[in-house]
Amino acid sequence: MTETTRDPRLVVEVLSEALPYIQRFSGKTVVVKYGGNAMTEDTLIDSFARNMVLMKEVGINPVVVHGGGPQIGDLLAKLKIESRFVNGMRVTDSETMDVVEMVLGGLVNKEIVNLINQCGGKAIGLTGKDGAQIRARQLKVEHQTPEMTAPEIIDIGHVGEVEHVSTDLIEMLAERDFIPVIAPIGVDAKGNSYNINADLVAGKVAEALGAEKLMLLTNVAGLMNAEGEVLTGLTTAQVDALIADGTIHGGMLPKIRCALDAVKGGVRSAHIIDGRVPHATLLEIFTNAGVGTLITDADRQGNDNA
């Protein structure tokens, strides 16, 4: 059955299921980290932009934080600038930082803004340097081998971590019905620019805004157990236990820690969702099923329901 011949009863059923969620989340802020396949496949790109516009139209305030690592790598290769990585992080000298700012703050950011606007929304692109909204400091990377008596501090250049988030500009835009689209570039007190992991920026922005939800789009179905089953409905204590027993490891660990820190920092819930699924954000917010892993703080949820 094509879109033009879809059973209207199914459409009504979907809208009816969504109604209580729309009522519950109207006026709330949802921070969405946009990256992975959702940024590279045409159908997913279009569905993401439409999702953000629809969320805004029903009264939810989406705030988008985006990545762009592959695009940075592509431009560096074209410019014949070598990419080097330490512990999965790109070594970023001044020349590389110029490229990072061009790609994240220019090319990628404005593409997302344009897509949302083409779908009828009002998006405005920012970096963390605009309004000094993301204060950063240089990230210190430690390296230690068994034979070393003390860890070695490795300088990876203009790679940063979030020190403080100012929400004045983001809140002003949201109140005026704009959708902020933020590139993860921060600035320190001396005006130096830093490239920051987009998941970390999204988490800290969500904390500072007191967001209802933090949604991290990934290229996996969610957090899985040893049997390959998606885990959801987890409390922060359960996630801590899964980290301790090694169930959560490797590349998923930093993303889960980001979600965990956000919930412990006051965000109502964090979601690790499968960005390869069209309309993933709407499925997670407006349906009973969802498409990923939900993390909440049991103590806070209990107080809310008391």
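The values are calculated or read from the model by the stated rules, or taken from the named source; none is laboratory data. Everything numeric here is computed off the predicted structure, so don't read it as measured data. Note: ideal-geometry Cβ built from the backbone for every residue, glycine included; neighbour counts use all protein chains shown. Only protein heavy atoms, including side chains, enter the accessible area calculation; ligands, DNA and RNA are left aside. Shrake-Rupley method; radii C 1.70, N 1.55, O 1.52, S 1.80 Å.
What accessible area per residue, rounded to a whole number of Å², is obtained for segment 71-178 using a probe radius of 1.4 Å?
Here the residues of segment 71-178 average 58 Å² of exposed surface.
Take every DSSP beta bridge with both residues inside the chain and express the antiparallel ones as a percent of the total, to the nearest 5. Display every interim value, and only then the final one.
Numbers: 19 of 47 bridges.
Counting DSSP beta bridges with both partners in the chain, the antiparallel share is about 40 percent.
Can you tell me the orientation of helix 198-209 relative to the chain, as the angle in degrees between its alpha-carbon axis and the longest Cα principal axis, to the nearest 10?
The answer is roughly 60 degrees.
Skipping prolines and chain starts, which residues have an amide H placed within reach, meaning under 5 Å, of the one on residue 291, given they are 5 or more residues away or on another chain?
284
Counting pairs of alpha carbon atoms under 8 Å apart in space and at least six apart in sequence, what relative contact order in percent does the chain give?
Working: 572 pairs, mean separation 65.1, N = 306.
Here the relative contact order equals 21 percent.
Which label marks the calculated value of Cα extents along the principal axes in Å, given the options (i) 62, 48, 34; (ii) 72, 45, 39; (iii) 65, 44, 38?
Identified label for the calculated read-out: (iii).
Expressed as an acute angle from 0 to 90° and rounded to the nearest 10, what is the orientation of the C-alpha long axis of helix 42-57 relative to the principal long axis of the chain?
The helix 42-57 is inclined about 70 degrees to the chain.
Dipole magnitude of segment 131-267 about its Cα centre, charges +1 at Lys/Arg Cβ and -1 at Asp/Glu Cβ only, in debye to the nearest 20?
Computed charge dipole of segment 131-267: roughly 260 debye.
Can you give the accessible area of residue 207, probe radius 1.4 Å, in Å² rounded to 10?
Counting only protein heavy atoms, residue 207 exposes about 50 Å² to solvent.
Just want the answer: with Cβ charges of +1 for Lys and Arg and -1 for Asp and Glu, which residue in 96, 118, 164 is farthest toward the dipole's positive end in segment 79-178?
Towards the positive end, the residue furthest out is 118.
Can you compute the modelled spin-label distance between residue 10 and residue 232, with each label point 7 Å from Cα toward Cβ, in nm?
2.0 nm
How big is the dipole moment of the chain about its Cα centre under a simple scheme where the beta carbon of each Lys and Arg is +1, that of each Asp and Glu is -1, and everything else is neutral? Debye, nearest 20, please.
On the way: 27 positive and 40 negative charges, 108 e Å.
The calculation lands at about 520 debye.
Roughly how far apart, in whole Å, are the Cα centres of segment 48-122 and segment 162-185?
Cα centroid to Cα centroid, the span is 15 Å.
Shape verdict for segment 2-139, please, from the Cα gyration tensor: rounded (a/c under 1.5), prolate (a/b greater than b/c) or oblate. Before the final figure, lay out each step's value.
Working: a/c = 2.74, a/b = 1.94, b/c = 1.42.
Note, shape of segment 2-139 comes out prolate.
Name the most mobile residue of 189, 262, 132, meaning the one with the largest mean-square fluctuation, in a Gaussian network model of the chain with Cα contacts below 10 Å.
189
Roughly how many debye, to the nearest 20, is the charge dipole of segment 35-191 about its Cα centre, given +1 on each Lys and Arg Cβ, -1 on each Asp and Glu Cβ, and no other charges?
Numbers: 14 positive and 23 negative charges, 57 e Å.
That gives a dipole near 280 debye.
Under a straight-distance cross-link criterion of Cα-Cα below 23 Å, which lysines are reachable from residue 80, leaving out those fewer than 8 residues away in the same chain?
none
How much accessible area does residue 178 have with a 1.4 Å probe, in Å² rounded to the nearest 10?
We get 50 Å² for residue 178.
Quick check: residue separation of residue 87 and residue 245 times 0.36 nm, minus the Cα distance between them. What number comes out in nm?
54.7 nm
Can you tell me which lysines have their Cα less than 28 Å from the Cα of residue 28? Leave out same-chain residues fewer than eight positions away.
Of all the lysines, those that pass the test against residue 28 - Cα under 28 Å, at least 8 places apart if same chain - are 56, 110, 122, 129, 204, 213, 255, 264.
Kindly express, to the nearest 10 degrees and within the range 0 to 90, the angle between helix 8-25's C-alpha long axis and the longest C-alpha principal axis of the chain.
The angle comes out at about 60 degrees.
Whenever you get a sec, compute what percent of the accessible area on the chain sits on carbon and sulfur atoms (1.4 Å probe). Mind showing how you got there, number by number?
Numbers: 7740 of 15140 Å².
The computed percentage sits at 51.
How would 164, 158, 66, 279 line up by accessible area, probe 1.4 Å, largest first?
In descending accessible area the options line up as 164, 279, 158, 66.
Just how much of residue 79 is accessible, in Å², when a 1.4 Å probe is used and the result is rounded to the nearest 10?
Around 90 Å² of this residue is reachable by solvent.
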